[in-house]
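The values are calculated or read from the model by the stated rules, or taken from the named source; none is laboratory data. These numbers were taken from a predicted model, which means no experiment stands behind them. Cβ placement follows ideal geometry from the backbone for every residue including glycine, while neighbour counts extend to all protein chains displayed.
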Amino acid sequence: MEGLVLSDLARDLILNILNIIILFLIVRKLAYQPVKKFLAARQARVAKELEDAAAAKAEAEQAKEQLDSLTQAQQEKADAVIREAEREARENAREIMENAQKDAAEIRRKAAEEAEKEKRKTIAGMQDDITALAFDISEKVLGREINDEDNRRIAQAFLADYHAE
């Protein structure tokens, strides 16, 4: 029995080894290869996602830099527009002041002319009144009517004396 036991044992051992080898080959073919492919695909997908994330990060940084430069450019443009508006406002204010000064000078000049006209008109009116008064007085003093030639001569003499003072 011992011989049988050993041969049964060897045969069982060989069958078990063959079963393990066959099972290993079946598991390798059915489980290991698909798992290996799955892991390789997963690793490739993760690597691609990391590349995509890095590319998206680089793109976001580039977009941020562009936005910053655009913002800076817009700020510079806005500052330039403000400076130009301030310059134009100062120029307009200066022009308005010059025009106002010119208008005021013109108003003063016209007022002076008008005052001079009014003065001449008043003086002429006063001369007429004085002449008429002088004629009335001379007529009463002389007791006779004076002709136009006498009136003219008397008025001119009176006015010459008046202006000489």
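In segment 106-131, the residues that are part of a helix (DSSP H, G or I) and surrounded by 10 or more Cβ atoms within 10 Å (Cβ to Cβ) reach residues that are among the hydroxyl-bearing types (Ser, Thr, Tyr) and at pLDDT below 90 with C-beta atoms within less than 9 angstrom, at least six apart or across chains, in these pairs: 127/162; 130/162.
Among residues of segment 45-74 that are on the phi < 0 side of the Ramachandran plot and touching a residue at least 60 places away in the same chain (Cβ under 8 Å), none has a Cβ under 7 angstrom from a residue that is acidic (Asp, Glu) and surrounded by 10 or more Cβ atoms within 10 Å (Cβ to Cβ) at a sequence gap of 6+ or on a separate chain. Considering (1) modelled with pLDDT of 90 or more; (2) surrounded by fewer than 10 Cβ atoms within 10 Å (Cβ to Cβ), the lone condition that residue 147 does not fulfil carries the number (1). Which one is nearest to residue 149 (Cα to Cα), of the residues in segment 81-138 that are β-branched (Val, Ile, Thr) and at pLDDT 90 or above? Across segment 81-138, the extreme among qualifying residues is 107.
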